[in-house]
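In what follows, a structure is listed as structure tokens, so that the remarks can point back to it.
The values are calculated or read from the model by the stated rules, or taken from the named source; none is laboratory data. No experiment lies behind these values; they were computed from the predicted model shown. Here the Cβ is made from the backbone with ideal geometry for all residues, glycine too, and neighbour counts use every protein chain on show.
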Amino acid sequence: MGFVTHTEGGSWTGGGTEVPNCNLNDRNAITAAFNFMQATSRPAVAALGGELSTLAGCLAGKTVAAVEIDCRGGSCGTAFGTAPRGGNSINMCPPALPPSVQANTDVTVFHELIHSCGGGELDSWSLENRFYVGRGTFTPGKAVINGFPGETTAIGGGLRAGTFVVWNPANGQVSVKVLSGGSWNTGPTVSAGAQILAPSAAYTFP
Ligand SMILES: [Zn+2]
């Protein structure tokens with residue numbers, strides 16, 4: 001784990017040197033973003049309770065040493081980053097790396113690590129919009145919002161649940177996902193807890 005490398009030099013008999021795909025400036029920015037997440041964002045996530053406590057527990061294990069981190073250069077297209085949902089790897093892309101500002105690295109590491117903890121786009125976007133204001137986040141466009149219904153489930157009252165948050169498509173409000181009750185033969189009841197994002201037109205659907 002840690003930074004993915006490629007081999008430079010050597011010959012058909014072997015040898016060569018393992019060189020990280022993320023250059024030194026990239027690695028410094030990514031390491032700073034992980035440190036900010038651990039010191040500042042993770043405690044703020046945990047403080048809202050409900051399933052955000054579960055997310056905070058997952059994020060606690062997401063360190064530079066524990067996560068497979070790659071820099072994919074131009075193969076990323078226009079993405080800031082990508083990450084398999086529920087995996088343990090993140091790919092960082094040029095818009096989120098130097099010479100871009102540190103804030104763009106910070107918010108992208110947070111967004112992709114939420115995916116690696118099992119979160120969907122609703123989870124990653126709403127939580128970065130809450131916790132990274134002034135630190136690289138921006139409101140997602142309608143193309144992103146239009147993907148939320150397909151990755152969430154209805155829980156009654158017009159609300160839809162993601163992995164860690166609950167969304168009200170009618171007014172755009174996002175809240176903490178709270179589980180209660182449940183037994184060996186019935187699932188827990190899903191409800192909306194503390195507000196993450198106030199109602200806004202940007203988060204409404206359709
Ligand atoms: Zn995403």
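Data for the structure
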item	result
Pairs, first at pLDDT 95 or above in the range 124-148, second polar (S, T, N, Q) and part of a loop (DSSP other than H, G, I, E, B), C-beta under 7 Å, six or more apart	Glu128/Thr137; Asn129/Thr137; Asn129/Thr139
Residue within the range 37-60 that is surrounded by 12 or more Cβ atoms within 10 Å (Cβ to Cβ), at positive phi and over 15 Å from the mean Cα position of the chain (by Cα) present	yes
Residue selected from the range 127-176 under the condition in contact with a helix residue (DSSP H, G or I) (Cβ under 7 Å, 6 or more places away or on another chain) and of a type in the set (S, T, N, Q), by the criterion nearest to Ile30 (Cα to Cα)	Thr137
Strands (runs of 3 or more DSSP E) wholly inside the range 57-173 that include at least 1 residues being touching a Leu at 6+ places or on another chain (Cβ under 9 Å) and in the same structural domain as Ala33 (by TED's automatic domain parsing)	68-71, 89-92
Subset of the range 115-147 that is within 15 Å of the ligand (Cβ to nearest atom) and of a type in the set (A, V, I, L, M) - its residue that is surrounded by the fewest Cβ atoms within 10 Å (Cβ to Cβ)	Ala143
Checklist (1) in contact with a strand residue (DSSP E or B) (Cβ under 7 Å, 6 or more places away or on another chain); (2) within 11 Å of the ligand (Cβ to nearest atom); (3) touching a residue at least 40 places away in the same chain (Cβ under 8 Å) applied to Glu112, failing item	(3)
